[in-house]
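Student: Quick one: this structure, given as structure tokens, is what I'll be asking you about.
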Amino acid sequence: MKTQTLEIVKSQQLKAKPSAGVPFGTTFTDHMFIMEYEEEKGWHDARITPYSPITLDPAAMIFHYGQTIFEGLKAYRTEDNRILLFRPEKNFERLNLSGARLSIPPVDEEQVLEHLKTLIELEKDWVPAEPGHSLYIRPFIIATEPNLAVSPSKTYRMMVLLSPVGPYFPGGLKPVTIHVEQEFTRAVKGGTGMAKTAGNYSSGYQAQAGAKKSGNADVLWLDGIEKRYIEEVGSMNIFFKIGGEVVTPALSGSILKGVTRMSILEVLNSWGVPVIERRIAIDELYDLYEQGLIQEAFGTGTAAVISPVGELNWGDKKMVINNHEIGELSQKLYDTITGIQTGRRPDEFNWTVEVK
Ligand SMILES: *Cc1c(COP(=O)(O)O)cnc(C)c1O
């Protein structure tokens with residue numbers, strides 16, 4: 001790795017830390033990370049600056065054709081006051097995978113991880129100590145060339161923002177009600193579903209609004225071609241415990257490869273719990289439900305880690321799972337993963353990276 005210099009400009013006016021209970025993603029720390037890309041120079045000018053608005057030409061390509069990608073991960077404070085990241089190298093690996101799909105040039109994964117650690121070290125007082133709280137990390141890249149041509153930008157900017165966040169479920173894990181979407185599609189094979197890119201999210205808002213109107217917390221997406229095979233929930237991957245076995249949809253090209261999903265597969269394997277990645281049709285799920293074989297369902301992602309699903313609504317068919325209660329396996333997985341993330345449990349998989 002060629003060590004790149006990192007210029008640090010410190011803020012002269014530090015902000016007050018927020019009180020507990022601030023809504024997700026609305027408060028940012030004193031500093032941010034920025035880096036630029038130009039064809040001739042590659043990625044350069046890595047710097048940490050005071051958090052502030054940025055100026056872009058209104059013709060910047062991000063505004064017109066959506067050439068942008070992002071990541072989401074968290075830093076946790078341990079009881080003995082260390083700061084841990086959870087598998088951050090997987091996020092930068094995925095950033096480059098998303099980038100390849102959106103024709104955005106790759107970053108040096110090790111180098112940006114080092115820069116992230118420097119940023120968090122500088123902002124370490126912002127990593128909350130309260131149980132269930134953490135510092136959310138949002139790396140992203142935008143196309144900055146002022147040009148209305150429909151072609152990849154020649155210049156880019158990468159930034160990293162830090163935002164203290166509270167627990168996803170303030171009262172503890174709580175099963176959610178999910179609408180199985182039959183009209184709208186999130187992604188299709190060959191599209192951008194496997195990339196964390198802006199358009200995948202805004203294109204889901206209309207379906208999510210419909211689901212909320214009918215009393216559901218989120219949407220379960222089906223495949224875009226047959227509207228039959230289960231893909232994922234909102235910004236979470238999905239798992240089912242069926243007759244003692246755990247099943248999750250295989251990565252088809254239209255599903256996001258979650259770091260939490262990957263970790264849960266590894267934990268289940270280490271416990272000897274049978275787990276399969278395969279195609280699973282919604283009608284098959286309903287048949288299994290009618291046979292009383294669906295024991296648990298849960299979504300997985302960085303935000304909630306585990307989000308138990310208590311009810312699935314597929315047209316006029318309702319599946320109530322585990323009597324709207326948290327499943328034993330869901331709880332055990334939640335305790336295990338959050339235990340490793342926060343240093344309360346031994347990191348037997350060597351997943352955490354300490355910031356120091
Ligand atoms: C980010 C995301 C996930 C979860 O990924 P994690 O790495 O586990 O946080 C799942 N699905 C979608 C669509 C996502 O954007």
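The values are calculated or read from the model by the stated rules, or taken from the named source; none is laboratory data. Predicted model, so just to flag it, every value in this text is computed and none were measured. No Cβ is skipped: glycine too gets one built from the backbone with ideal geometry, and neighbour counts run over all protein chains shown. Side chains are part of the model used for accessible areas, which takes the heavy atoms of the whole protein and leaves out ligands, DNA and RNA. Shrake-Rupley method; radii C 1.70, N 1.55, O 1.52, S 1.80 Å.
Student: Could you tell me the calculated FRET efficiency between Gln4 and Ser214, based on Cβ-Cβ distance and R0 = 56 angstrom, to the nearest 0.05?
Tutor: Numbers: r = 51 Å, r/R0 = 0.91.
E between Gln4 and Ser214, to the nearest 0.05, is 0.65.
Student: Starting from the Kirkwood Rh over alpha-carbon pairs, what translational D in µm² s⁻¹ does region 176-341 have by Stokes-Einstein at 4 °C and 1.567 mPa s?
Tutor: Values: Rh = 15.8 Å.
D = 82 µm²/s.
Student: Roughly what % of DSSP beta bridges within region 7-165 run antiparallel, to the nearest 5?
Tutor: Bridges in region 7-165 are about 95 percent antiparallel.
Student: A further question on this structure: Could you tell me how far the Cα centroid of region 324-344 sits from the Cα centroid of region 80-151, in Å?
Tutor: Cα centroid of region 80-151 versus Cα centroid of region 324-344: 25 Å apart.
Student: Looking at Ser330, Leu256, Tyr289, which one has the Cα that reaches farthest to the positive end of the dipole of region 176-341 (charges on Cβ: Lys, Arg +1; Asp, Glu -1)?
Tutor: Of the options given, the answer is Leu256.
Student: Another question, if that's okay. To the nearest 10 degrees, how steep is helix 109-122 against the longest Cα principal axis of the chain, on a 0 to 90 scale?
Tutor: Approximately 80 degrees, to the nearest ten.
Student: When Rg is the radius of gyration of the Cα atoms in region 9-77 and Rh is its Kirkwood radius, what does Rg/Rh come to? Mind dumping the intermediate values first?
Tutor: Values: Rg = 15.5 Å, Rh = 15.3 Å.
A ratio of 1.01.
Student: About the Cα centre of the chain, how large is the charge dipole given +1 on each Lys and Arg Cβ and -1 on each Asp and Glu Cβ? Please answer in debye to the nearest 20.
Tutor: On the way: 37 positive and 45 negative charges, 89 e Å.
Dipole of the chain, to the nearest 20 debye: 420 debye.
Student: Charges only on Cβ, +1 for Lys and Arg, -1 for Asp and Glu: so what's the dipole of region 7-165 about the Cα centre, in debye to the nearest 20?
Tutor: Details: 17 positive and 22 negative charges, 102 e Å.
That gives region 7-165 a dipole magnitude of about 480 debye.
Student: What whole-number distance in Å separates the alpha-carbon centres of region 188-250 and region 251-302?
Tutor: A separation of 13 Å, based on Cα centres.
Student: Using the charge dipole of the chain (Lys, Arg: +1 at Cβ; Asp, Glu: -1 at Cβ; taken about the Cα centre), state which of Phe24, Ile225, Leu84 has its Cα farthest towards the positive end.
Tutor: Phe24
Student: Please report, in Å, the Rg and the Dmax of region 300-356, where both are computed over Cα atoms only.
Tutor: 15.5, 53
Student: Counting pairs of Cα atoms in region 7-165, how many percent are more than 27 Å apart?
Tutor: Numbers: 3217 of 12561 pairs.
Above the 27 Å cut-off, region 7-165 has 26 percent of its Cα pairs.
Student: Mind listing which GluC sites (Glu not before Pro) in region 1-109 are in a DSSP loop and have 12 or fewer other Cβ atoms within 10 Å? All intermediate terms of the calculation are to be shown ahead of the outcome.
Tutor: Numbers: sites: Glu7, Glu36, Glu38, Glu39, Glu40, Glu71, Glu79, Glu89, Glu93, Glu109; in loops: Glu39, Glu40, Glu71, Glu79.
Passing both the DSSP loop test and the Cβ count: Glu39, Glu40, Glu79.
Student: Principal axes first, then extents: for the Cα atoms of region 100-186, list largest minus smallest coordinate on each axis, whole Å, largest first.
Tutor: The Cα atoms of region 100-186 stretch 49, 47, 22 Å along their principal axes.
Student: Hey, what does the equivalent ellipsoid look like for the chain, semi-axes from the Cα gyration tensor as sqrt of 5 times each eigenvalue, largest first, whole Å? Before the final figure, lay out the partial values.
Tutor: Details: eigenvalues 241, 127, 66 Å².
Semi-axes, largest first: 35, 25, 18 Å.
Student: Would you mind checking the tilt of helix 88-101 against the longest principal axis of the Cα atoms of the chain, expressed as 0 to 90 degrees and rounded to 10?
Tutor: The angle comes out at about 90 degrees.
Student: Sticking with this structure for a sec: Take the alpha carbon gyration tensor of region 217-297, find the square roots of its eigenvalues, order them as a ≥ b ≥ c, and report rounded if a/c is under 1.5; if not, report prolate when a/b exceeds b/c, else oblate.
Tutor: Numbers: a/c = 1.80, a/b = 1.10, b/c = 1.64.
The shape class here is oblate.
Student: Give the lysines whose C-alpha is closer than 16 Å to that of Lys356, dropping any in the same chain fewer than 8 places away, or say none.
Tutor: Reachable lysines: Lys74, Lys117, Lys124.
Student: Mind checking the log10 I(q)/I(0) for region 59-100 at q = 0.14, 0.15, 0.23, 0.25 Å⁻¹? Debye, one equal scatterer per Cα, no solvent, two decimals.
Tutor: -0.50, -0.54, -0.80, -0.85
Student: Here is a further query. Explain nothing, just the number: dipole magnitude of region 116-193 about its Cα centre with +1 on each Lys and Arg Cβ and -1 on each Asp and Glu Cβ, in debye rounded to the nearest 20. Don't jump to the answer; show the numbers that get you there.
Tutor: Working: 8 positive and 7 negative charges, 50 e Å.
Magnitude of the dipole: close to 240 debye.
Student: With the full set of protein chains in place, find how many percent of the accessible area of the chain is carbon and sulfur; take the probe as 1.4 Å.
Tutor: Numbers: 8310 of 16390 Å².
Of all accessible area on the chain, carbon and sulfur atoms account for 51 percent.
Student: Please give the net charge around Ile120, taking every other residue with its beta carbon less than 13 angstrom from that of Ile120, where Lys and Arg add +1 and Asp and Glu add -1. Could you put the intermediate results ahead of the total?
Tutor: Values: positive: Lys74, Arg77, Arg82, Lys117, Lys124, Arg138, Lys356; negative: Asp30, Glu114, Glu121, Glu123, Asp125, Glu354.
Charge balance in the 13 Å sphere: +1.
Student: Set Lys and Arg Cβ to +1 and Asp and Glu Cβ to -1, take the dipole of the chain about its Cα centre, and tell me which of Ile242, Leu268, Leu113 lies farthest positive.
Tutor: In the chain, that residue is Leu113.
Student: Also, I was wondering about something else. Assuming R0 = 56 Å, can you tell me the calculated FRET efficiency for the pair Ile225 and Glu114, based on Cβ-Cβ distance, to the nearest 0.05?
Tutor: Details: r = 42 Å, r/R0 = 0.76.
Computed FRET efficiency for Ile225 and Glu114 comes out at 0.85.
Student: What does the C-alpha gyration tensor say about the overall shape of region 158-209? Classify as rounded when a/c is under 1.5, otherwise prolate if a/b is larger than b/c, or oblate.
Tutor: oblate
Student: Sticking with this one: Could you tell me whether region 64-145 comes out rounded, prolate or oblate from its Cα gyration tensor? Rule is a ≥ b ≥ c as square roots of the eigenvalues, rounded for a/c under 1.5, then prolate if a/b exceeds b/c, otherwise oblate. Mind dumping the intermediate values first?
Tutor: Details: a/c = 2.53, a/b = 2.23, b/c = 1.13.
Taking the square roots of the gyration eigenvalues as a ≥ b ≥ c, region 64-145 is prolate.
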